[in-house]
Amino acid sequence: MGDHTDHTEKSTPHELPLYQKVEVPSQTSETARQYMAQMVDSLDAILELDLASFAANKTLPAKLFELLSEALDCYDHYIEHIVTAEGWDVSCRRGCSACCEHELARGVTALEALNIYRHVRDWEDIGSLYEHAAENAVTFQQLLAEEMRREPGPLGPDDPRVTKAHLAYNRLKRPCPFLDREQGACRIYPVRPLVCRFFFNLSPAEWCDPDHEGYLKRETRCMDPYTAVQERLHAINQRLGIRVLHFLSGAFMTLAGNVMEGKPLQLV
Ligand code: SF4
Ligand code: SF4
């Protein structure tokens, strides 16, 4: 594990340590700021495109996805910079996929779901991907409904009932629909959502099994993009006028089924 003792690292604990967010000096270094500024520029350029035609005829400028890809590259560089600068000894490696065997991947936006849909729409197994995502989504919704029956009331931000349902979901070990289980690899790697890019484990990889006694003691890292980036992503979603469930399988299910109705996305 990297040495964090020299840094002014601050953990913001969840009531259950699923996503441990930290603040570290390299997040605001000149290099990090530049990557985030470039990401904002790419997202601002998306906001200048004609996004209104999506609602009318499911058509979008092809340029949108070029710009989104640039934005995601900036984000990957930002993460890489922080991991290197902080000297984190990350256990995550290609082929290590226990997390993808059970993870819900919360915090997925409509734009990300659209990017994934565009990527997989013509795959031969699109039908089974959709069914798999739908089964995952229904399972999580049922777990959340149980939590809400136990403790009624409107859901708030960082609601502990969502975290409890998330943890119960992880323990059911339902694989992500986009995981190639033979290769232990992500099939949508270039378009995977931000949440799959910013989560790292610094503890032994075997602790990532929800049945392992170390699971809730893992030292993990989540690096959100700057608020300015999140605001742009929100603004793009508003302009697109799409509402999806905010976890990966749910977002894909609602986007593919309710929004696109299985039809191809038209690019101009
Ligand atoms: S989070 Fe855990 S299972 Fe996933 S890649 Fe990292 S070490 Fe492996
Ligand atoms: S999208 Fe890819 S990285 Fe994310 S959980 Fe699924 S398989 Fe893993």
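The values are calculated or read from the model by the stated rules, or taken from the named source; none is laboratory data. Predicted model, so just to flag it, every value in this text is computed and none were measured. Cβ coordinates were reconstructed from backbone atoms using ideal geometry, including for glycine residues, and neighbour counts include every protein chain displayed.
Kindly indicate whether Gly214 is under 27 Å from Thr139 (Cα atoms) and within 11 Å of ligand 2 (Cβ to nearest atom). When the stated conditions are applied, Gly214 does not pass them.
Taking the numbered list (1) outside any helix (DSSP H, G or I); (2) more than 12 Å from ligand 1 (Cβ to nearest atom); (3) out of contact with any Lys or Arg (no Cβ under 8 Å at 6 or more places or on another chain) in turn, His212 passes all entries but (2). Summed over region 90-145, the residues that are at positive phi and either acidic (Asp, Glu) or touching a helix residue (DSSP H, G or I) at 6+ places or on another chain (Cβ under 7 Å) (or both) give a count of 2. In region 165-177, the qualifying residues are those that are more than 17 Å from His246 (Cβ to Cβ) and among the hydrophobic types (A, V, I, L, M, F, W, C), and the one that is farthest from ligand 1 (Cβ to nearest atom) is Ala168. For region 36-81, the candidate set comprises residues that are in a helix (DSSP H, G or I) and of a type in the set (S, T, N, Q); within that set, the residue that is farthest from Leu194 (Cα to Cα) is Asn57. Residues in region 90-105 that are outside any loop (DSSP other than H, G, I, E, B) and buried (at least 20 other Cβ atoms within 10 Å of the Cβ) were compared, and the one that is farthest from ligand 2 (Cβ to nearest atom) is Cys99. Restricting region 147-205 to residues that are within 16 Å of ligand 2 (Cβ to nearest atom) and acidic (Asp, Glu), the residue that is nearest to His102 (Cα to Cα) is Asp180. Any residue in region 225-244 that is within 14 Å of ligand 2 (Cβ to nearest atom) and part of a helix (DSSP H, G or I)? Within region 225-244, not a single residue is within 14 Å of ligand 2 (Cβ to nearest atom) and part of a helix (DSSP H, G or I).
For region 119-143, which positions are under 16 Å from Lys164 (Cα atoms), more than 19 Å from the chain's Cα centre (by Cα) and aliphatic (A, V, I, L, M)? Within region 119-143, just Leu143 meets the criteria. Considering (1) more than 30 Å from Thr163 (Cα to Cα); (2) in contact with a Ser or Thr (Cβ under 7 Å, 6 or more places away or on another chain); (3) modelled with pLDDT of 95 or more, the lone condition that Phe65 does not fulfil carries the number (2). In the set Ala98, Ala85, only one residue is closer than 30 Å to Gln34 by Cβ and not charged (D, E, K, R); that residue is Ala85. Whenever a residue of region 238-251 is on the phi < 0 side of the Ramachandran plot, its partners that are among the basic types (Lys, Arg) and at pLDDT below 95, lying with C-beta atoms within less than 7 angstrom and at least six residues away or across chains, give the pairs His246/Arg106; Phe247/Arg106.
Among the candidates Pro177, Pro225, Pro210, single out the residue that is closer than 28 Å to Glu86 by Cβ, in contact with a His (Cβ under 7 Å, 6 or more places away or on another chain) and buried (at least 19 other Cβ atoms within 10 Å of the Cβ). Don't jump to the end; show me each part of the working.
Values: Pro177 fails: closer than 28 Å to Glu86 by Cβ; Pro225 fails: in contact with a His (Cβ under 7 Å, 6 or more places away or on another chain).
Just one listed residue meets the conditions, Pro210.
In region 149-173, what residues are of a type in the set (A, V, I, L, M, F, W, C) and surrounded by fewer than 16 Cβ atoms within 10 Å (Cβ to Cβ)?
To start, the set of residues in region 149-173 that are of a type in the set (A, V, I, L, M, F, W, C) comprises 155, 162, 165, 167-168, 172.
Listed by number, the residues that qualify are Leu155, Leu172.
Counting just the residues of region 81-114 that are within 8 Å of ligand 1 (Cβ to nearest atom) and of a type in the set (Ser, Thr, Tyr), which one comes out farthest from Glu30 (Cα to Cα)? Checking each candidate, the answer is Ser97.
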